[in-house]
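The values are calculated or read from the model by the stated rules, or taken from the named source; none is laboratory data. Keep in mind that this is a model prediction, so the values were computed, not measured. Methodologically, a virtual Cβ is constructed for each residue, glycine included, from the backbone with ideal geometry; neighbour enumeration extends over all protein chains shown. Side chains are part of the model used for accessible areas, which takes the heavy atoms of the whole protein and leaves out ligands, DNA and RNA. Shrake-Rupley method; radii C 1.70, N 1.55, O 1.52, S 1.80 Å.
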Amino acid sequence: VAHAHTYIEQATLLGDIDTETVSLRVKLEGISEEHTEDWELRYTVYAPNSSEPVINRTIPFLPTPNEEGEVRFHTEFALPDPLLWSVDTPNLYTATLTLLHAHTPIDTLTTRFGIRKIETRDGWVWLNHQPIFLVGVLDQDFYPRTLYTPPSREYLRDQFIKAKQLGINLMRCHIKVPDPAYLELCDELGLLVWYEIPNGKKLTHAFQKRSRQTFLDMWNRDANHPSLCFASIINESWGIDLNNPDERDWLRDSYYWAKSIASPWLIVDNSPCVPNF
């Protein structure tokens with residue numbers, strides 16, 4: 001992908017239905033130490049099915065690297081009476097972010113996001129403060145001829161429409177991270193998604209490190225998808241010995257680590273089957 005030397009690498013928009021606010025986090029790449037002044041970020045937000053912006057603001061900022069040397073920008077804005085995303089009303093907002101230097105546009109990124117809340121209470125999963133009965137299907141996410149690669153968006157769309165017609169409201173994409181088109185279409189059509197870190201064979205130090213980095217990459221890529229509500233660390237104890245107290249400690253610690261990063265998702269430590277629950 002071609003882009004300017006300085007560009008928006010990542011933009012995450014997370015809505016809070018209780019406070020009716022949106023948290024915007026932007027990661028920038030390629031800002032030179034010689035050019036740290038006169039930077040601005042313009043963010044324009046469009047409501048679902050509308051060409052008129054509900055938010056259009058430009059904010060100056062000073063690009064200051066953090067301890068990891070990354071340049072990140074964070075702001076919040078109010079979004080009164082938001083149109084919530086749900087399986088019945090999959091409302092999607094569109095945000096266009098423009099990076100400016102000395103009032104000159106340098107880079108632009110457009111992304112979609114939804115506003116929803118997923119939580120567990122009283123033995124139920126709740127979506128937007130309402131209990132929801134999950135009717136899920138285990139999707140191995142393999143395809144004729146193309147195997148791991150979806151044949152087309154049309155193929156996926158047809159698959160998801162048929163799932164909705166069957167009364168399914170949850171796709172569990174099994175032990176893999178799907179193509180972005182998978183999540184985009186579930187956003188559009190109103191299907192919850194549960195996905196997982198691909199499993200290893202043994203919980204070595206290398207796998208422990210790789211699994212956390214993989215989860216972090218999953219969050220960074222997919223945080224804007226309102227359909228994505230569940231993420232597993234381990235599936236059916238594959239790659240972990242749950243009889244080993246050290247490995248159980250790692251799984252517990254990894255749960256709290258993942259939850260601290262991806263609080264809008266429900267985190268599953270080990271998705272069980274007989275006899276590993």
Considering every pair of different Cα atoms, what Kirkwood radius, in Å, is found for the stretch 68-136? 15.5
If you bin the C-alpha pair distances of the stretch 1-52 every 5 Å from 0, what whole percents do you get? 4, 12, 20, 21, 17, 13, 8, 4, 0
So how tilted is helix 180-189 from the main axis of the chain? Cα-based, degrees 0 to 90, rounded to 10. 90
Test of understanding: what is the full-extension gain from Thr104 to Trp257, defined as 0.36 nm times their sequence separation minus their Cα-Cα distance? 51.1 nm
Calculate how large, on average over all directions, the projected area of the Cα convex hull of the chain is; give the answer in nm² to one decimal. 17.2
Could I get the Rg over Rh figure for the stretch 16-157? Both from C-alpha atoms, Rh via Kirkwood, rounded to two places. 1.06
Out of all DSSP beta bridges in the chain, what portion is antiparallel? Express it as a percent rounded to 5. 75
P(r) of the stretch 146-215 over all Cα-Cα pairs, 5 Å bins starting at 0, rounded to whole percent, reads 4, 14, 23, 21, 14, 10, 8, 5, 1
Between the stretch 199-228 and the stretch 49-116, how far is it from one alpha carbon centroid to the other, in angstrom? 25
Rh_Kirkwood(the stretch 115-254) over Cα pairs, Å, one decimal, evaluates to 16.4
Return the subset of Lys117/Lys201; Lys162/Lys209; Lys27/Lys259; Lys27/Lys164; Lys176/Lys209; Lys162/Lys259 for which the Cα-Cα distance in this structure is over 28 Å, preserving the input order. Lys117/Lys201; Lys162/Lys209; Lys27/Lys164; Lys162/Lys259
Quickly estimate the mean residue ellipticity at 222 nm for the chain, helices only: each DSSP H run with n ≥ 4 gives -39500 (n - 2.57), and the total goes over all residues, rounded to 500. -7000 deg cm²/dmol
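Nearest 5 percent is fine: what portion of the DSSP beta bridges confined to the stretch 106-246 is antiparallel?
About 40 percent, rounded to the nearest 5.
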What is the percent carbon and sulfur in the accessible area of the stretch 131-277, measuring with a 1.4 Å probe over the protein chains and ignoring ligands? 56
If one takes the longest principal axis of the Cα atoms in the chain, at what angle in degrees, from 0 to 90 and to the nearest 10, does the Cα axis of helix 205-222 lie? 50
Env charge @ Pro105, Cβ radius under 12 Å, K,R +1 / D,E -1, value -1
Report His129's accessible area, 1.4 Å probe, all protein chains in place, as a number in Å² to the nearest 10. 70
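Calculate the tail of P(r) for the stretch 188-277: the fraction of all Cα-Cα distances greater than 18 Å, expressed in %.
That tail contains 41 percent of the Cα-Cα pairs.
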